[in-house]
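Engineer: So that we are looking at the same thing, I have put the structure below in structure tokens.
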Amino acid sequence: AQSVSQHNHHVILSEAASLELGCNYSYGGTVNLFWYVQYPGQHLQLLLKYFSGDPLVKGIKGFEAEFIKSKFSFNLRKPSVQWSDTAEYFCAVNAGTGGFKTIFGAGTRLFVKA
Amino acid sequence: EAGVAQSPRYKIIEKRQSVAFWCNPISGHATLYWYQQILGQGPKLLIQFQNNGVVDDSQLPKDRFSAERLKGVDSTLKIQPAKLEDSAVYLCASSQNPGHTEAFFGQGTRLTVV
């Protein structure tokens, strides 16, 4: 069965620090990968996605993620975080042979100190 | 573009009572999902519809949960009878198709069972 693991449940950074959130999935076939973000009091929204092609994908608000197939990883990065990036971040994966059901990780709660 | 609408936003019920949630997806979206998000965890897929047919309901506790999507548009999720462990946020999401497109989420319904 598909599964997604996110390594850090809570991360605290100061503004301008660099961010990397880890995500690993367990599925051997072709997958579609997503990072979603949930800002305080708001609904989940897409940050970026990977389907095929360039393994380095860029999303909104300066976020990027790199798909490393050999490591089954899709880590999220941002070179310099802002206070407004305080949110919960979820990695998700779906796969065709799984009926394209989207499985989410447990989430990483990021707090950025001003 | 109107987003995914859910109601109610909050619901408090006693255990063994029944409750129903409603979701109106984005117009034209064929795929509709119901997720359960327990505090501190990522969203867990309960059921996925493609138009008005069920694609996956493997994690739906069918002895107490039921869902329908009449006419392939709106959907309702029902719990009868509720248990304390059903306390969670119930998220509805929709997408144009189940594979390569992102899912758009509603605000969710926060259910508290006392």
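The values are calculated or read from the model by the stated rules, or taken from the named source; none is laboratory data. Keep in mind it's a predicted model, so treat the numbers as computed, not measured. Here the Cβ positions follow ideal geometry from the backbone for every residue, glycine too, while neighbour counts run over all protein chains shown. Ligands, DNA and RNA are excluded from the accessible area calculation, which covers all protein heavy atoms including side chains. Shrake-Rupley method; radii C 1.70, N 1.55, O 1.52, S 1.80 Å.
Engineer: Among residues belonging to segment B:30-55 that are under 24 Å from residue A:6 (Cα atoms) and open to solvent by 30 Å² or more (accessible area, probe 1.4 Å), point out the one that is nearest to the other protein chains (Cβ to nearest Cβ). Talk me through it step by step, then tell me what you get.
Structural biologist: So the first thing to find is which residues in segment B:30-55 are under 24 Å from residue A:6 (Cα atoms), and the list is B:33-48.
After this cut, where a residue has to be open to solvent by 30 Å² or more (accessible area, probe 1.4 Å) as well, the list is B:38-41, B:44.
Values: B:38: 10, B:39: 11, B:40: 8, B:41: 5, B:44: 7 Å.
Among those residues, the one meeting the criterion is B:41.
Engineer: Sticking with this one: Would it be correct to say that residue A:33 is modelled with pLDDT under 95 and surrounded by 13 or more Cβ atoms within 10 Å (Cβ to Cβ)? Steps first, answer last, please.
Structural biologist: Working: modelled with pLDDT under 95: yes; surrounded by 13 or more Cβ atoms within 10 Å (Cβ to Cβ): yes.
Here the answer is yes, as residue A:33 does meet what is asked.
Engineer: Considering only segment A:48-64, I want to know if a residue exists there that is more than 24 Å from residue B:56 (Cβ to Cβ), open to solvent by 50 Å² or more (accessible area, probe 1.4 Å), assigned to a helix (DSSP H, G or I) and hydrophobic (A, V, I, L, M, F, W, C).
Structural biologist: Yes, because at least one residue in segment A:48-64 is more than 24 Å from residue B:56 (Cβ to Cβ), open to solvent by 50 Å² or more (accessible area, probe 1.4 Å), assigned to a helix (DSSP H, G or I) and hydrophobic (A, V, I, L, M, F, W, C).
Engineer: If we keep just the residues of segment B:1-23 that are buried (at least 18 other Cβ atoms within 10 Å of the Cβ) and within 14 Å of chain A (Cβ to nearest Cβ), which is nearest to residue B:112 (Cα to Cα)?
Structural biologist: Once the filter is applied, the top-ranked residue is B:6.
Engineer: Note down all Cβ pairs under 6 Å where the first residue falls in segment B:9-20 and is more than 13 Å from residue B:87 (Cβ to Cβ), the second is in a loop (DSSP other than H, G, I, E, B) and open to solvent by less than 80 Å² (accessible area, probe 1.4 Å), and they're at least six residues apart or on different chains.
Structural biologist: B:16/B:81
Engineer: Look through B:80, B:96 and report the one residue that is touching a residue at least 40 places away in the same chain (Cβ under 8 Å) and more than 29 Å from residue B:28 (Cβ to Cβ).
Structural biologist: None of the others qualify; the one that does is B:80.
Engineer: What are the pairs, 6+ residues apart or on separate chains, where a residue within segment A:47-67 that is of a type in the set (Asp, Glu) has its Cβ under 8 Å from a residue that is part of a loop (DSSP other than H, G, I, E, B)?
Structural biologist: Final answer for the pair search is A:66/A:55.
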